Amino acid sequence: MTGSDETDSTSEAYLTALSHHGICDVQPVYRQFLRRLKANDAGLYEEAVERYQADVIGGAEVDSDPLLRWVRYGAWLAGQIAPGQLVAVDPQGRARKPDGPPPLGPLLLHLPEGKGERGVPIAVPADPSEAQEATRKLLCG
């Protein structure tokens, strides 16, 4: 398989996973995280690029779900920008801290520890419930 074929296959698997789990594309938000890191901390940006190569691209041997690899990476990125915690918000608007891997389907938010800091979406359902959308607007702006 050539590099291009491998990239096409990876992209197709990612798009299939988005559709299967009903999640909006996470990559635009994560690119914003990377731009912030690059502007504020070149060393951490380089670490983020290495982690992307290892965990998202190279992680297929460990976890076959490309969306889960991306979401884990996005949660790590958000934590590098502002320490905090990942929370999952179900369709009824109830929030909980995931015990294991991030669940795919509910709204996932990174809530910074700093007082007054806005949350950031890590994964957003393609069709969020009213409660999920209200929670996202309240906590993330």
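What follows is calculated from the coordinates using simple rules that are stated; it is not laboratory data. Everything quoted here is computed from the prediction, not taken from an experiment. Neighbour counts are summed over all protein chains in view; Cβ atoms, including those assigned to glycine, are modelled from backbone coordinates with ideal geometry.
Counted as qualifying within the stretch 67-139 are the strands (runs of 3 or more DSSP E) with 1 or more residues that are more than 10 Å from the chain's Cα centre (by Cα) and in contact (Cβ under 8 Å) with a residue 24 or more places away in the chain, namely 84-89, 107-112. Residue count for the stretch 48-80 under the criterion of being of a type in the set (A, V, I, L, M, F, W, C) and touching a strand residue (DSSP E or B) at 6+ places or on another chain (Cβ under 6 Å): the result is 3.
Within the stretch 21-54, the set of residues being within 23 Å of G105 (Cβ to Cβ) and in contact with an Asp or Glu (Cβ under 9 Å, 6 or more places away or on another chain) comprises H21, G22.
Restricting attention to the stretch 81-94, the residues that are surrounded by fewer than 17 Cβ atoms within 10 Å (Cβ to Cβ) and under 22 Å from G114 (Cβ atoms) total 3.
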